[in-house]
1. For region 287-315, how many residues meet the condition of being under 28 Å from residue 6 (Cβ atoms) and surrounded by fewer than 17 Cβ atoms within 10 Å (Cβ to Cβ)?
2. Does residue 167 satisfy the criteria of being in contact with a helix residue (DSSP H, G or I) (Cβ under 8 Å, 6 or more places away or on another chain), part of a loop (DSSP other than H, G, I, E, B) and surrounded by 23 or more Cβ atoms within 10 Å (Cβ to Cβ)?
3. Quick test of your reading of the structure: residue 137 fulfils all but one of (1) surrounded by 15 or more Cβ atoms within 10 Å (Cβ to Cβ); (2) over 23 Å from the mean Cα position of the chain (by Cα); (3) without any contact (Cβ under 8 Å) to a residue 12 or more places away in the chain. Name the failing condition by number.
4. Select, from 268, 361, the only residue that is at pLDDT 95 or above and within 22 Å of the chain's Cα centre (by Cα).
5. With the condition kept exactly as written, say whether any residue in region 78-95 is assigned by TED's automatic domain parsing to the domain that holds residue 236, free of Cβ contacts under 8 Å to residues at least 60 places away in the same chain and on the phi < 0 side of the Ramachandran plot.
6. Say we look at region 173-205 and pick out the residues that are out of contact with any strand residue (DSSP E or B) (no Cβ under 6 Å at 6 or more places or on another chain) and outside any helix (DSSP H, G or I); which of these is modelled with the lowest pLDDT?
7. Could we say that residue 121 is assigned to a loop (DSSP other than H, G, I, E, B), in contact with a helix residue (DSSP H, G or I) (Cβ under 6 Å, 6 or more places away or on another chain), modelled with pLDDT of 95 or more and crowded, with 17+ Cβ neighbours inside 10 Å here?
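The values are calculated or read from the model by the stated rules, or taken from the named source; none is laboratory data. Just so it is clear, the structure is predicted and the values come from calculations on it, not from any experiment. Here the Cβ positions follow ideal geometry from the backbone for every residue, glycine too, while neighbour counts run over all protein chains shown.
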């Protein structure tokens, strides 16, 4: 009946709260928060309240109406960049990247550079800049002019010497391939091309943004000032919402892009509730708790290299599928990707909850 594109767990969820999921087979600890979609955890009361109140007023209007929450949410997001700009709202992260691609292609000519290990989504445009030949091959040819380079500043500069570059797409901390931060020399090379040649930098913050790494945006760790920032996942607090932020410029004219559903009013209300909680104090706590969790995970008998920043953590393992199975038997849900275990817990996770997870994973 359903397209077999997923491999769901053999569980029926009854309810969920914080980092706990209550199922037909008992209570489980969730270490990846809906794959990074729930920065405040499951069923946060402020998010639930915002959804209910907004849905009681209206659930959809269409783009013939301006929802005040759209303006307020855009203002909050732009304030986090410290720059003026514009926001295009979408229904997901991959749609936000589609908007970013259109903005680049409309305003500059040349190659669109991505990097080995990047993941930007599965729609055709985003797939064109997503690393992973097995994902791309069945759907080729994709967007022409998209290239993949090694994660090397020298490789980027060498390519730019011989080719016109329109835009560079970054995951400053690559999520789908196992939580790998980009090297410093690559960030410096991109900034050089941006300054000297006007190359557009797009920072995909869909997984690494919204406080996940201890800073509001992960690119802040690397000294970048992107022209485009894309968001998704946690932005809607569990509901579909994405955004493309255009910092210091206006790429689109009326009719250049659009969506029937975006921004959905209920998703915006949930998003505002999430953003109110992403305070400097919370981000400081994310950094502190992330350092503690990485230390605890590194001490586990099966753990290899531990990578990441804040509560965006990758742990190497010789047999991650077996680790996932053993964890499941101990009522801990793990996410395997990039040959390791990816941890994206709720930013509100408590120290006792982290200790409980680590204790169950000590096998």
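1. The qualifying residues number 1.
2. no
3. Among (1) surrounded by 15 or more Cβ atoms within 10 Å (Cβ to Cβ); (2) over 23 Å from the mean Cα position of the chain (by Cα); (3) without any contact (Cβ under 8 Å) to a residue 12 or more places away in the chain, the lone unmet condition for residue 137 is (1).
4. Of 268, 361, the one residue that is at pLDDT 95 or above and within 22 Å of the chain's Cα centre (by Cα) is 268.
5. Checked against the condition, which is being assigned by TED's automatic domain parsing to the domain that holds residue 236, free of Cβ contacts under 8 Å to residues at least 60 places away in the same chain and on the phi < 0 side of the Ramachandran plot, region 78-95 yields at least one hit.
6. 177
7. Yes.
One line per residue, one yes/no per condition, for (1) farther than 30 Å from residue 154 by Cβ; (2) within 22 Å of the chain's Cα centre (by Cα):
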| site | (1), (2) |
| --- | --- |
| 52 | yes, no |
| 63 | yes, no |
| 84 | yes, no |
| 90 | yes, yes |
| 116 | no, yes |
